[in-house]
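Working notes, beginning with the structure itself.
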Amino acid sequence: MSKEIHLIDKDFVPYISEEKILSRVKVLSSQIRADYGSNNVLFLSVLNGSFMFTSDLMKSMNGEVELSFIKLSSYEGTSTSGKVHELIGLNQNIQGRHIVILEDIVDTGLTVQRVITMLQMQNPLSIEVCTLLYKPEAFKGDTAPKYFGFKIPNKFVVGYGLDYDQLGRNFNEIYQLKD
Ligand code: 5GP
């Protein structure tokens, strides 16, 4: 049994074990393959948080898949336009492709919605979202992610790629902020 961890000024307790994560990842990969049949799927993994989930999911996928890593960066625009968001890392043509966006966590859903909007401009055949964690209570989008590993309450989690101020990504399981 793993122990509590301390990062900077906060304590975290074990929440989802590596075993549980890996068994859900297997279910997700089978589900995706069943839905897409023999079609080639282009996974777009949103960095940084989804790197570990992406690696395990890829190892579990059968058939033809492709993978690219993307990142949503934001910078201050002019005072009237506010923040400008830019999708970086996508250097291939996605027109006519089946896209599955890989996310570590969907919270309000704003980040993934921005990614979807930018990808849609390039006319892919389809876009779905596969997230390891999904916080339905915080979600403000219209459509819930089609694929998710775990629905979790609106509480901060770290580990398995997810960070607290850049720390904690290396843990092989998920921890929840201690009350
Ligand atoms: P959104 O609210 O746009 O769906 O999520 C924005 C981002 O906030 C996520 O991609 C993730 O980086 C971060 N985030 C949201 N909830 C959590 C959480 O519980 N733990 C960690 N580490 N990051 C989170």
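Going through region 145-179 one residue at a time, which ones are in a strand (DSSP E or B), in contact with a Lys or Arg (Cβ under 7 Å, 6 or more places away or on another chain), closer than 18 Å to Leu28 by Cα and hydrophobic (A, V, I, L, M, F, W, C)?
Taking region 145-179 and keeping what is in a strand (DSSP E or B), we get 147-151, 157-159, 162, 164, 167, 174-177.
Retained after the next criterion (residues that are in contact with a Lys or Arg (Cβ under 7 Å, 6 or more places away or on another chain)): 149-150, 162, 164, 176-177.
Going one step further and asking which of them are closer than 18 Å to Leu28 by Cα, we end up with 149-150.
The one that is in a strand (DSSP E or B), in contact with a Lys or Arg (Cβ under 7 Å, 6 or more places away or on another chain), closer than 18 Å to Leu28 by Cα and hydrophobic (A, V, I, L, M, F, W, C): Phe150.
For Phe69, the conditions (1) assigned to a loop (DSSP other than H, G, I, E, B); (2) buried (at least 16 other Cβ atoms within 10 Å of the Cβ) are fulfilled apart from (1).
Which one of these is over 14 Å from Val46 (Cα atoms), surrounded by 20 or more Cβ atoms within 10 Å (Cβ to Cβ) and either away from the ligand (no atom under 11 Å from the Cβ) or basic (Lys, Arg) (or both): Arg169, Arg97?
Numbers: Arg169 fails: surrounded by 20 or more Cβ atoms within 10 Å (Cβ to Cβ).
Selected residue: Arg97, the only one of Arg169, Arg97 that is over 14 Å from Val46 (Cα atoms), surrounded by 20 or more Cβ atoms within 10 Å (Cβ to Cβ) and either away from the ligand (no atom under 11 Å from the Cβ) or basic (Lys, Arg) (or both).
Among the residues that make up region 12-32, is at least one of them without any contact (Cβ under 8 Å) to a residue 24 or more places away in the chain, in contact with a Ser or Thr (Cβ under 8 Å, 6 or more places away or on another chain) and not hydroxyl-bearing (Ser, Thr, Tyr)? Scanning region 12-32 turns up no residue that is without any contact (Cβ under 8 Å) to a residue 24 or more places away in the chain, in contact with a Ser or Thr (Cβ under 8 Å, 6 or more places away or on another chain) and not hydroxyl-bearing (Ser, Thr, Tyr).
Taking the criterion of being under 18 Å from Ile21 (Cα atoms) and either polar (S, T, N, Q) or in contact (Cβ under 8 Å) with a residue 60 or more places away in the chain (or both), the residues of region 115-133 that qualify are Cys130, Thr131, Leu132. Do the conditions hold for Val112, that is, is it within 16 Å of the ligand (Cβ to nearest atom), of a type in the set (Val, Ile, Thr), within 25 Å of Arg169 (Cβ to Cβ) and touching a residue at least 40 places away in the same chain (Cβ under 8 Å)? Yes; evaluated as a whole, the condition is true for this residue. Scanning region 120-144 for residues that are near the ligand (Cβ under 10 Å from one of its atoms), outside any strand (DSSP E or B) and buried (at least 17 other Cβ atoms within 10 Å of the Cβ) returns Lys135, Phe139. In region 153-164, the residues that are within 8 Å of the ligand (Cβ to nearest atom) form Cβ pairs under 8 Å with partners that are assigned to a strand (DSSP E or B) and of a type in the set (D, E, K, R), at six or more places apart or across chains, as follows: Leu162/Asp104; Tyr164/Lys10.
The numbers here are math on the coordinates, done by the rules we state, and not lab data. Just so we're clear, the structure is a prediction, and the values are computed from it rather than from any experiment. Please note: Cβ atoms are built from the backbone with ideal geometry, for glycine as well, and neighbour counts cover all protein chains shown.
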